[in-house]
Amino acid sequence: MDIVNPVEDWLPTTIWNKLCECAEKDQHLQNLVRHTFRDQKKEWKLLYESDGTIEDSMFPKNESAINGKWSPVLKLCLLKSFRPDKLPHAIADFVRR
């Protein structure tokens, strides 16, 4: 997927490329890289720069979902590419639910 990183001033190209690779496999993530990052830059930057535990409420709105929320599995996919340092805690939280 060849989409220009709309937040290249704070999101490294390597991470953007990983998100684009994931987007090739999932329709919701395609919308993320095509529109959501551009339209919700501030919200994604807050998530990217978070020092603490990533909470569900920190995820920006999912414009592809009727309820506006990311599914638990898609959140894990996003964290794997976007914040791999936060993935172990997110997986443990996923398993506990």
| request: Tell me, please, whether a residue that is in contact with a Gly (Cβ under 9 Å, 6 or more places away or on another chain), at pLDDT below 90 and not β-branched (Val, Ile, Thr) can be found in segment 41-52. | output: no
| The lone exception for Glu63 - which of (1) at pLDDT below 90; (2) assigned to a loop (DSSP other than H, G, I, E, B); (3) of a type outside the set (S, T, N, Q); (4) buried (at least 18 other Cβ atoms within 10 Å of the Cβ) it fails | (4)
| said: Quick check on segment 26-49. Is at least one of its residues among the charged types (D, E, K, R) and farther than 26 Å from Asp2 by Cα? | reply: no
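Please go through segment 19-33 and give me each residue that is in contact (Cβ under 8 Å) with a residue 60 or more places away in the chain and either crowded, with 16+ Cβ neighbours inside 10 Å or part of a loop (DSSP other than H, G, I, E, B) (or both), ordered by number.
Pass one, segment 19-33, residues in contact (Cβ under 8 Å) with a residue 60 or more places away in the chain: 19, 21.
Residue satisfying the conditions is Leu19 alone.
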| task | Select from segment 6-40 the residues that are β-branched (Val, Ile, Thr), at pLDDT 90 or above and closer than 11 Å to Leu78 by Cβ and list them in ascending order. | result | Ile15
| Which numbered condition trips up Ser81, out of (1) touching a Lys or Arg at 6+ places or on another chain (Cβ under 6 Å); (2) part of a loop (DSSP other than H, G, I, E, B); (3) buried (at least 18 other Cβ atoms within 10 Å of the Cβ)? | (2)
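Scan segment 6-64 residue by residue and report those that are touching a His at 6+ places or on another chain (Cβ under 8 Å) and within 19 Å of Pro84 (Cα to Cα).
We begin by selecting, within segment 6-64, every residue touching a His at 6+ places or on another chain (Cβ under 8 Å); these are 53-54, 62-64.
The answer is Thr53, Ile54.
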| remark: Residue set Asp51, Asp56; condition over 12 Å from the mean Cα position of the chain (by Cα) and of a type in the set (D, E, K, R); output residue Asp51
| When residues of segment 37-52 are filtered for being outside any helix (DSSP H, G or I) and farther than 18 Å from Lys69 by Cα, how many remain? | 3
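The values are calculated or read from the model by the stated rules, or taken from the named source; none is laboratory data. Predicted, not measured: the structure shown is a model, and the values here were computed from it. Neighbour counts run over all protein chains shown; Cβ positions are idealised from the backbone, glycine included.
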